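Coordinate-derived values only; no laboratory data. Just so it is clear, the model here is predicted, and its values are computed rather than measured. In this analysis, Cβ positions are derived from the backbone assuming ideal geometry, glycine residues included, and neighbour counts consider all displayed protein chains.
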Amino acid sequence: MLATSQASLQLTEQKTLSLPWRPAGAAVLEGVLFVWSAESPVAYILDGDRLDSIASPFLRRPLGVRPVHNGRAIEILANGGASSVTVSRSGSVLREVPTTGLEPLLQFQSVHGTSSGWAVLGQDSSGIGRLFLVLPGGRAREVMRNEFQGKPPGRGLAVVDGRLLVLGWPSAFEAVWETYEAGSPPLQLIPEAVLREVGNPEHDDGLWIPLGVVPLDVGFVITFADMRSDRRIVAVYGPHLAFLRASLMRGQFAFVAGDPPRRQLWAVRVLESAEITMYEWSWVP
């Protein structure tokens, strides 16, 4: 149970799917779970109690994957960002669109599927963080550059209230909106006082990164992971990403996908092997 100042988020484990590899990402659309890896050209689909898979060479080291067409296909940002490919559940290529405009990026930090294409965050040859939006026609448009000199260029992307949010910029527990203007203060994802309560992670030897924003009905969950240990901070938010509470936990896990209409959360756990678990959740006064 994850407590907040207003209510507790109660979780009830429902089902677990064992995976042959560590997942690189997951998404839910119309109640169907899609989970994929950077290690295998196969993605898994869990539709109710039915387990299917999609095999495609474009799934080998994809930059991004997102379900489309009401879950009947997936779109893959493939070939190092050179093309966007739509693949049916049978593995047939339905559409392939060349992508242009991402050439300045030498390193990709995060890719997130949006309602109109892709958001791509990366670094150029000077180490500057740059954010692009790839439109349906394949053309990339730059929308922001890292103005925090000497700071990390960002660690993740999310869409919150219809706006694109860059996580981990300029620090692991901060973020900026895509409309950020130089000199403006970033959004503090976890207040300083709360960070001190959970062990002052900003000032230890950990390597903390945010692992994405997972939606609830009127709120969100973010898992922050220390990549040098099994420490995790799970933060719960209300509407408009209003901070409610954070808890320090142990274990290799992270919430990776949510289905608000069905009140379901999916989490990746690594015990002896990797698995993904579905929880039903509810607010308890």
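Using +1 at the C-beta of Lys and Arg and -1 at the C-beta of Asp and Glu, which of 138, 278, 88 has the Cα lying farthest in the positive direction of the dipole of the chain?
88
Candidates (i) 22.1; (ii) 14.5; (iii) 19.8; which is the computed mean projected area of the Cα convex hull in nm²?
It is the value labelled (ii).
Could you identify which residue out of 22, 263, 95 has the top mean-square fluctuation in a GNM of the chain using Cα springs shorter than 10 Å?
Residue with maximal mean-square fluctuation among 22, 263, 95: 95.
Using the Cα centre as the reference, give the magnitude of the dipole from point charges on the C-beta atoms of the chain (Lys, Arg: +1; Asp, Glu: -1; all else neutral), rounded to the nearest 20 debye.
400 debye
Between residue 275 and residue 16, what is the spin-label point distance in nm, taking each point 7 Å from the Cα along the Cα→C-beta axis?
Distance between the two pseudo-spin positions: 0.2 nm.
If you average the sequence gap of Cα pairs under 8 Å that are 6 or more apart and divide by the length of the chain, what percent do you get for the contact order?
Across the chain, relative contact order equals 16 percent.
Any number yet on Rg/Rh for the range 126-264, C-alpha, Kirkwood?
Ratio of gyration radius to Kirkwood radius: 0.97.
Quick one: length gained pulling residue 53 to residue 194 fully straight, 0.36 nm per residue minus the C-alpha distance?
Going from the current span to full extension adds 46.6 nm.
Arrange 118, 281 by Cβ neighbour counts within 10 Å, fewest through most, would you?
By the 10 Å Cβ count, ascending, the order reads 281, 118.
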